[in-house]
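J.: If you scroll down you'll find the structure; I have some questions about it.
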């Protein structure tokens, strides 16, 4: 339903960003709520709020701003090489908004006024983590009244799970030890920065289920990617799934979880009716050489369904075979009921960095529509092997077209276009899945996507999926171990014959070597299997010097939220704006300037508050680090 000028109402949308921008999240009303990261336990980023529609969205104005004060700037002299990044999506439970800062401070705000109700600081080391961020917190309620009958659960950069009373912000003393559990228990020896919880735990019944981010490109024996479920009341470990291949022991002789297994750094989904847990797995370490993995990538770059009571693997579907491109499954598997004629299929949709979307029956793991195994480029470096084929969906179109040729080179001038043409011609380049090489391989789509962790948003009524697609190429180059410097050439990949370096494929003027748009917002009709529209997302306004502000479509981090009223709210782009698009024609209807970029995913709903956006920037340092949570409302 669309309301051209609906009744005066407030909705909350919050965008969080650090390092390079601002991220957005919008909060729903007390009835609808936005109680989990994706709006529902199975994701979707959909709100039934309809008070704000295409006819009145241009009236939104700032209602309040909250600042966490929790940021970090680059300081090369002090050895700090990345800013903080504000990537959180708040949750709204009743009329309270909960969110986390990049260094895991947790805040409770009155969603109507922005007044801070409480804050909790877990005292993580602000200099220990290379890529500091927190994408959100989780909510659990027992249905009773009293202290800690409503708990906010957070994972931290230093590998803890913490349970807080939602009303007071005080730790729940019956959870673990003084309100926290050390999730590094059972792991092999590792440096603290190599293992961090950056995504909110999934809540299923009385369990909090979490994976962790394991630092890329370090070595073969990085900490285990084990997924574990903890009792929400006691903090006791209920089950664990370490993704080793069938027949291999999950633990080593010393009792620790076998290292080097695929990790789950992104957002986990659950199907509460079927007691299923859907985990999106990363690619097995190290990212760009897999010749020594010894079968540990059996569940790499896959959607895996686990039994919610036991952690037993029920099925899995691999989106990339023997992934040596860092094409890990980056986004929350999205649960939806797919209407196909008179039939309704229980489905789970998975977007990928390749710009390919896999739609699976969530009870069986079988593709809803045929997937073809197609031949892909061969002849990897010595010691490596590649799969002869890779899976390609046939119903839903690929959002990225390859290969790029020298004739596709782009630049501001004949000179920099010519340089880009030469660069492309000098690289190994046979299209998607060209193996990493010593000469350098054109990496497109790159490990930033295609689609990444902020997508998708799905309208369950129209069965339309909205995704952010990155379209900027990169280069990946392997270097023989004897020629690597002491720290490795970009990525050490210790224990393998090669170190690795990845970089953007850019002209001497610093712009991508391919024509814009480099980032788009795309709408896909899931049933018809076609792209409805593709709109450039963002501009170079805050990324390039004048007069180069006119380019439309820049790389983005974060994703969209869609409302019943037909709006898509999104930050994401590396410029400093919060935007609303009309969900049908894809027209940009409204934008508002932010202090920095919004690099998170929005929340949207009807409440006393309207849209809220987090301005905080990104690690890359293209935009200032920020700590702004800004709420927008109708006057």
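J.: Could you please give the count of residues in the range 54-75 that are farther than 15 Å from residue 628 by Cβ and either assigned to a loop (DSSP other than H, G, I, E, B) or within 23 Å of the chain's Cα centre (by Cα) (or both)?
T.: Within the range 54-75, residues that are farther than 15 Å from residue 628 by Cβ and either assigned to a loop (DSSP other than H, G, I, E, B) or within 23 Å of the chain's Cα centre (by Cα) (or both) number 7.
For (1) buried (at least 23 other Cβ atoms within 10 Å of the Cβ); (2) more than 22 Å from residue 392 (Cα to Cα), each residue gets a yes or a no:
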| residue | (1), (2) |
| --- | --- |
| 283 | yes, no |
| 290 | yes, no |
| 294 | no, yes |
| 298 | no, no |
| 305 | yes, no |
| 310 | no, yes |
| 321 | no, no |
| 324 | yes, no |
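J.: Hey, can you tell me all the residues within the range 199-222 that are assigned to a loop (DSSP other than H, G, I, E, B) and modelled with pLDDT of 95 or more?
T.: 199, 200, 201, 205, 206, 211, 212
J.: When the residues of the range 355-365 are filtered to those that are touching a residue at least 24 places away in the same chain (Cβ under 8 Å) and over 23 Å from residue 531 (Cβ atoms), which remaining residue is surrounded by the most Cβ atoms within 10 Å (Cβ to Cβ)?
T.: Applying the filter and picking the extreme gives 362.
J.: A further question follows. Taking the range 383-420, which residues are in contact with a strand residue (DSSP E or B) (Cβ under 7 Å, 6 or more places away or on another chain), over 30 Å from residue 369 (Cα atoms) and surrounded by 20 or more Cβ atoms within 10 Å (Cβ to Cβ)?
T.: Residue satisfying the conditions is 420 alone.
J.: Which of the numbered conditions does residue 147 fail, given that it passes all the others? Conditions: (1) in contact with a strand residue (DSSP E or B) (Cβ under 6 Å, 6 or more places away or on another chain); (2) under 30 Å from residue 597 (Cα atoms); (3) in a loop (DSSP other than H, G, I, E, B).
T.: (2)
J.: Could you grab me the full set of residues in the range 411-465 that are modelled with pLDDT of 95 or more, in contact with a helix residue (DSSP H, G or I) (Cβ under 6 Å, 6 or more places away or on another chain) and either under 30 Å from residue 280 (Cβ atoms) or assigned to a loop (DSSP other than H, G, I, E, B) (or both)?
T.: Matches in the range 411-465: none.
J.: Okay, next question. For the subset of the range 385-399 comprising residues that are in a loop (DSSP other than H, G, I, E, B) and closer than 16 Å to residue 320 by Cα, which member is nearest to the chain's Cα centre (by Cα)?
T.: The residue in question is 398.
J.: Quick one: in the range 80-95, which of the residues that are over 19 Å from residue 129 (Cβ atoms) and touching a strand residue (DSSP E or B) at 6+ places or on another chain (Cβ under 8 Å) is modelled with the lowest pLDDT?
T.: Result: 95.
J.: Got a sec? Which of 559, 495, 538, 491 is in contact with a strand residue (DSSP E or B) (Cβ under 7 Å, 6 or more places away or on another chain), at pLDDT below 95, at positive phi and crowded, with 17+ Cβ neighbours inside 10 Å?
T.: One residue alone meets the criteria, 538.
J.: Next question. Within the set of pairs 6+ apart or on separate chains, which have a first residue in the range 378-392 that is free of Cβ contacts under 8 Å to residues at least 40 places away in the same chain, a second that is surrounded by fewer than 17 Cβ atoms within 10 Å (Cβ to Cβ) and assigned to a strand (DSSP E or B), and C-beta atoms under 7 Å apart?
T.: Close Cβ pairs satisfying both conditions: 388/375; 392/372; 392/374.
J.: Failed condition for residue 189, given (1) surrounded by fewer than 19 Cβ atoms within 10 Å (Cβ to Cβ); (2) in contact (Cβ under 8 Å) with a residue 24 or more places away in the chain; (3) more than 30 Å from residue 635 (Cα to Cα), with all others met?
T.: Unmet condition: (2).
J.: Test each condition in (1) touching a helix residue (DSSP H, G or I) at 6+ places or on another chain (Cβ under 9 Å); (2) at pLDDT 95 or above; (3) closer than 30 Å to residue 568 by Cβ for residue 506 and report the one that comes out false.
T.: Result: residue 506 passes all but (2).
J.: A further question on this structure: Could you identify the single residue in 527, 500, 531 that is within 30 Å of residue 343 (Cβ to Cβ) and part of a strand (DSSP E or B)?
T.: 531
J.: Hey, could you check the range 143-171 for residues that are touching a residue at least 60 places away in the same chain (Cβ under 8 Å) and over 22 Å from the mean Cα position of the chain (by Cα) and say which is nearest to residue 95 (Cα to Cα)?
T.: Top of the filtered list is 166.
J.: Can you tell me how many residues within the range 400-410 are assigned to a loop (DSSP other than H, G, I, E, B) and free of Cβ contacts under 8 Å to residues at least 60 places away in the same chain?
T.: 4
J.: In the range 160-182, which residues are more than 25 Å from residue 115 (Cβ to Cβ) and either assigned to a strand (DSSP E or B) or at pLDDT below 95 (or both)?
T.: Residues satisfying the conditions are 160, 161, 177, 180, 181, 182.
J.: Look at the range 101-124 and say how many of its residues are surrounded by 20 or more Cβ atoms within 10 Å (Cβ to Cβ) and either in contact (Cβ under 8 Å) with a residue 60 or more places away in the chain or under 21 Å from residue 62 (Cα atoms) (or both).
T.: Number satisfying all stated conditions: 7.
J.: So which strands (runs of 3 or more DSSP E) stay within the range 567-632 end to end and still have 2 or more residues that are at pLDDT 90 or above, buried (at least 24 other Cβ atoms within 10 Å of the Cβ) and in contact with a strand residue (DSSP E or B) (Cβ under 8 Å, 6 or more places away or on another chain)?
T.: Correct list: 567-570, 577-582.
J.: Which one of these does residue 474 not meet: (1) more than 23 Å from the chain's Cα centre (by Cα); (2) without any contact (Cβ under 8 Å) to a residue 40 or more places away in the chain?
T.: (1)
J.: Kindly indicate whether any position in the range 96-110 is assigned to a loop (DSSP other than H, G, I, E, B) and modelled with pLDDT under 90.
T.: No; the residues of the range 96-110 include none that is assigned to a loop (DSSP other than H, G, I, E, B) and modelled with pLDDT under 90.
The values are calculated or read from the model by the stated rules, or taken from the named source; none is laboratory data. In this text the structure is predicted, and so the values were computed from the model without any measurement. Glycine also receives a Cβ, built like all others from the backbone with ideal geometry; neighbour counts cover every protein chain displayed.
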